[in-house]
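K.L.:
Please find one structure pasted underneath; my questions will follow.
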Amino acid sequence: MKVRVDHIPHLEIPARMAAEFAAGAGHDILFNGSTILTRIYYKTLADLTDIYDQIGKKYGGWIPAARSPVDVEGRIYGIPNLLLSCCP
């Protein structure tokens with residue numbers, strides 16, 4: 001499998017996401033530290049609830065603050081970075 005990684009300056013991410021979502025094309029996976037963008041674009045993001053639950057179960061659960069930034073209307077649209085309550 002070929003993977004291409006693009007490094008986008010953090011100040012350009014909101015504009016790039018808006019353009020890609022409007023065009024219906026662009027990056028398949030985004031690493032984004034902004035919880036605001038998750039809430040703005042959740043309708044164009046994949047529901048990751050099952051993956052979020054599996055990760056939490058495998059590693060001892062999520063800390064309470066992990067769910068809030070990525071939860072929109074009861075569904076998970078992002079995976080928090082390093083917010084597991086414990087590590088294996």
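All of the numbers you see were taken from the coordinates with simple rules; none came from a lab. None of these values were measured; they are calculated from a predicted model. When we count neighbours, we look across all protein chains shown, and the Cβ atoms used for this are built from the backbone with ideal geometry, even at glycine.
K.L.:
Could you order peptides 10-18, 69-77 by the average number of other Cβ atoms within 10 Å of their residues, highest first?
P.N.:
69-77, 10-18
K.L.:
May I pose another question? How far, in nm, would the chain grow between residue 50 and residue 22 when pulled straight, counting 0.36 nm per residue and subtracting the alpha carbon separation?
P.N.:
Result for the pair: 7.4 nm of gain on full extension.
K.L.:
Each label point is 7 Å from the Cα along the Cα-to-Cβ direction; what then is the distance between the points at residue 65 and residue 29, in nm?
P.N.:
The modelled label-to-label distance comes out at 2.6 nm.
K.L.:
Expected output is a single nm value to one decimal: the length gained when fully extending between residue 57 and residue 40, i.e. 0.36 nm times separation in residues minus the C-alpha distance. What is it?
P.N.:
3.3 nm
K.L.:
Okay, next question. Over the Cα atoms, compute the radius of gyration (one decimal) and Dmax (the largest Cα-Cα distance, rounded to a whole number) for the chain, in Å.
P.N.:
When restricted to Cα atoms, the chain yields Rg and Dmax of 14.0, 41 Å.
K.L.:
Sticking with this structure for a sec: Hey, can you grab everything whose amide H is under 5 Å from the amide H of residue 72? Only 5+ residues off in sequence or another chain; H modelled, so Pro and N-termini drop out.
P.N.:
Under 5 Å from the amide H of residue 72 lie the amide H atoms of 77, each far enough along the sequence or on another chain.
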